[in-house]
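Below you'll find the structure, written out as structure tokens, and then a few comments.
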Amino acid sequence: MSDDKPKSLSDLKKMIKPLRNVNTELSQNLSRLDKAAVWITDHIGTMGFFLVIFVWTIVWLGWNMFAPQNLRFDPYPAFVLWLFLSNMIQIFLMPLIMIGQNLQGAHSEARAEADFEVNCRAELEVETILLHLENQNKLILQILTRLEKAEISIKSE
């Protein structure tokens, strides 16, 4: 607010970069593998996925404990095949989830940066509006002073 003269609208438009859609920019720059990692990260952390794993575990363990002996394929109490498959799922999902979280973190940082740009732009616009209001206030006070002088000179005549 060091300038007494407020900035014009055209000056403001020249100073400010156009807004960008960070979501569109980032989604266009993701490879298919990155999109898959984000999709997996989004869906693994849901109650639906938990329920699928929970039901799968209950069915697997229940079948191998209570089914007829000749139909059991992963005998109780070891459940070696179930442990192996569960560990393989975990081993494959952990890095994918970490990749997806890294991509989501980068996306969050880009959104925060875009928000900061918008806030800076808004601050500049508010400052300009305040300068215009201050300038208008000075003009109104000058007009008021002139009117009062004119009124005094009319009364004195």
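The values are calculated or read from the model by the stated rules, or taken from the named source; none is laboratory data. None of the values given here were measured: they were computed from a predicted structure. Glycine also receives a Cβ, built like all others from the backbone with ideal geometry; neighbour counts cover every protein chain displayed. Quick note on the areas: whole protein, heavy atoms, side chains included, nothing else; ligands and nucleic acids left out. Shrake-Rupley method; radii C 1.70, N 1.55, O 1.52, S 1.80 Å.
Quick look at the values:
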quantity	calculated
Test for ILE99: is it within 30 Å of ARG32 (Cα to Cα), in a helix (DSSP H, G or I) and of a type in the set (Val, Ile, Thr)	yes
Matching residues in the stretch 25-75 - criterion: being open to solvent by 60 Å² or more (accessible area, probe 1.4 Å), of a type outside the set (A, V, I, L, M, F, W, C) and in a helix (DSSP H, G or I)	GLU25, GLN28, ASN29, ARG32, LYS35, ASP42, HIS43, GLN69, ASN70
Residues located in the stretch 117-133, provided they are open to solvent by 80 Å² or more (accessible area, probe 1.4 Å) and either in contact with a Leu (Cβ under 9 Å, 6 or more places away or on another chain) or in contact (Cβ under 8 Å) with a residue 12 or more places away in the chain (or both)	LEU130
